[in-house]
Amino acid sequence: MIQITRYQHHAQPIITWLAINQAEIVGHINAQFEAGNKIKFLDAWVHPDWRGNGIYRKLWECRWSWIEANYEDHLVYAWCKPTSLPLLLEKGFELKEECHLVEFKIKKK
């Protein structure tokens, strides 16, 4: 059975929710607290062997419930992948802009 545990970082303004199966971490999701009453939803990860079991949604729901209960009048925002966008839109987030990942490998001259 998956348990969700909230972890408060001490050196950074970040909170992490961990999905744990027995003693193994099988997923995580983060929130970063910024000046001006802003909260940035950061990365999420689920172990490949555990994907497709609703762990991402469970992590997301735990984070969302806690944020809603504790941070009235804060602006919450996120950069997300296309696979995460439907959940954010379902929760009432508004699509403001799109972003693309680009990369370039430097080769030895």
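Overview of values
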{"read-out": "Sole exception among (1) at negative phi; (2) in contact (Cβ under 8 Å) with a residue 24 or more places away in the chain; (3) exposed (fewer than 15 other Cβ atoms within 10 Å of the Cβ) for Trp60, by number", "value": "(3)"}
{"read-out": "Residue check for Glu68: surrounded by 12 or more Cβ atoms within 10 Å (Cβ to Cβ), closer than 19 Å to Thr83 by Cα and of a type in the set (D, E, K, R)", "value": "no"}
{"read-out": "Some residue of the range 64-77 being in a helix (DSSP H, G or I) and touching a residue at least 60 places away in the same chain (Cβ under 8 Å)", "value": "yes"}
{"read-out": "Strands (runs of 3 or more DSSP E) lying entirely in the range 11-55 (those with 2 or more residues that are within 9 Å of the chain's Cα centre (by Cα) and hydrophobic (A, V, I, L, M, F, W, C))", "value": "24-34, 38-46"}
{"read-out": "Matching entry among Glu34, Glu24 (being within 22 Å of Leu95 (Cβ to Cβ) and either among the aliphatic types (A, V, I, L, M) or at pLDDT 95 or above (or both))", "value": "Glu34"}
{"read-out": "Failed item, numbered, when Val46 is tested on (1) modelled with pLDDT under 95; (2) of a type in the set (A, V, I, L, M, F, W, C); (3) within 18 Å of Ile2 (Cα to Cα)", "value": "(1)"}
{"read-out": "Close pairs from the range 82-109: first touching a residue at least 40 places away in the same chain (Cβ under 8 Å) and surrounded by 10 or more Cβ atoms within 10 Å (Cβ to Cβ), partner hydroxyl-bearing (Ser, Thr, Tyr) and not in a loop (DSSP other than H, G, I, E, B), Cβ under 8 Å, at least 6 apart", "value": "Ser84/Tyr56"}
{"read-out": "Among (1) free of Cβ contacts under 8 Å to residues at least 24 places away in the same chain; (2) touching a Lys or Arg at 6+ places or on another chain (Cβ under 6 Å), the one test that Ile29 misses", "value": "(1)"}
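The values are calculated or read from the model by the stated rules, or taken from the named source; none is laboratory data. Here the structure is a predicted model, which is why all the values come from computation and not from measurement. Note that each Cβ is placed from the backbone with ideal geometry, even for glycine, and that neighbours are counted across all protein chains shown.
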